[in-house]
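Novice: I'd like to ask you about the structure that follows.
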Amino acid sequence: MSKEIEIKFRVTNLRGLARRLRAAGFRLSTLRTHEMNTLYDLPGEKLRKRGELLRLRQYGSEWTLTHKSGKKGGRLSSREELETCVSDGKQMDLILRALGYGPSFRYEKFRAEWTDGKGQVVVDETPIGNFCEIEGASRWIDATAKKLGVKQGDFITKNYAGLFEEWKEKTKSAAEEMTFKAVAARDRRRRRSW
């Protein structure tokens, strides 16, 4: 079992961030790629209540199944993570449903991956704004954040489901999932009501 240690922060200027990443010695390892994520849970949200996450992700043409567990305390998010490649995501979805798991939340984004050989920085364009994740060893995360001009007060340790709930509360959105289509439909309905 590996440990995932990361922080997120909001990004207002994607081009400016790309310039800072290059200046800090990072290279683009994966071009901007579409990603769709589905979280699964048992009836009664048993996984969520235990602080666990089960996710099926399609990233470009690749599929992965991930289980995360453990607390996300402190200024960095740190969780145990198990992950494996899946050759057929649609079949995996059917297997999970047959075992009693059901989709509980979907979110999508466009992701670009950067590396300096020691850790990974990913840039996510989501329907609720742009975010960056710095993932690696704790000291490396702190050093990388400093190189990028990110202060500890800007660190976000919430996952995208938590960020979406915050966004929904702030915007009074009725969107049920964090997809571009669902959020755009909410915006169209809101404009019509004016």
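The values are calculated or read from the model by the stated rules, or taken from the named source; none is laboratory data. This one's a predicted model, so the numbers in the text were calculated from it and none came from an experiment. In this analysis, Cβ positions are derived from the backbone assuming ideal geometry, glycine residues included, and neighbour counts consider all displayed protein chains. The area values use the complete protein model at the heavy-atom level, side chains included, leaving out ligands, DNA and RNA. Shrake-Rupley method; radii C 1.70, N 1.55, O 1.52, S 1.80 Å.
Novice: If a residue must be open to solvent by less than 30 Å² (accessible area, probe 1.4 Å) and out of contact with any Ser or Thr (no Cβ under 6 Å at 6 or more places or on another chain), how many such residues does region 54-63 contain?
Specialist: 1
Novice: Follow-up. When you check E83 against the structure, is it among the acidic types (D, E), closer than 30 Å to R19 by Cβ, at pLDDT 95 or above and in a strand (DSSP E or B), yes or no? Can you show your working first?
Specialist: Values: among the acidic types (D, E): yes; closer than 30 Å to R19 by Cβ: no; at pLDDT 95 or above: yes; in a strand (DSSP E or B): yes.
So E83 fails the test.
Novice: Of the residues that sit in region 133-147 and are in a helix (DSSP H, G or I) and hydrophobic (A, V, I, L, M, F, W, C), which one is most open to solvent (accessible area, probe 1.4 Å)?
Specialist: Taking the candidates together, the pick is A143.
Novice: Which one of T115, T84, T179, T171 is under 19 Å from E52 (Cα atoms) and among the polar types (S, T, N, Q)?
Specialist: T84
Novice: Let me ask something else. Determine which member of the set G73, G51, G100 is out of contact with any helix residue (DSSP H, G or I) (no Cβ under 9 Å at 6 or more places or on another chain), open to solvent by less than 70 Å² (accessible area, probe 1.4 Å), in a loop (DSSP other than H, G, I, E, B) and at pLDDT 95 or above.
Specialist: Values: G73 fails: at pLDDT 95 or above; G51 fails: at pLDDT 95 or above.
Among G73, G51, G100, only G100 is out of contact with any helix residue (DSSP H, G or I) (no Cβ under 9 Å at 6 or more places or on another chain), open to solvent by less than 70 Å² (accessible area, probe 1.4 Å), in a loop (DSSP other than H, G, I, E, B) and at pLDDT 95 or above.
Novice: Within region 1-30, count every residue that is in a helix (DSSP H, G or I), over 14 Å from T115 (Cα atoms) and in contact with a helix residue (DSSP H, G or I) (Cβ under 9 Å, 6 or more places away or on another chain).
Specialist: 0
Novice: For region 110-126, name all the residues that are assigned to a strand (DSSP E or B), more than 12 Å from Y59 (Cβ to Cβ) and of a type outside the set (A, V, I, L, M, F, W, C).
Specialist: Matches in region 110-126: T115, Q120, E125, T126.
Novice: Can you tell me which residues in region 162-187 are open to solvent by 30 Å² or more (accessible area, probe 1.4 Å), out of contact with any Pro (no Cβ under 7 Å at 6 or more places or on another chain) and part of a helix (DSSP H, G or I)?
Specialist: Correct list: E165, E166, W167, K168, E169, K170, K181, A184, D187.
Novice: Moving on. Look through T144, T157 and report the one residue that is on the phi < 0 side of the Ramachandran plot and modelled with pLDDT of 95 or more.
Specialist: Only one candidate qualifies: T144.
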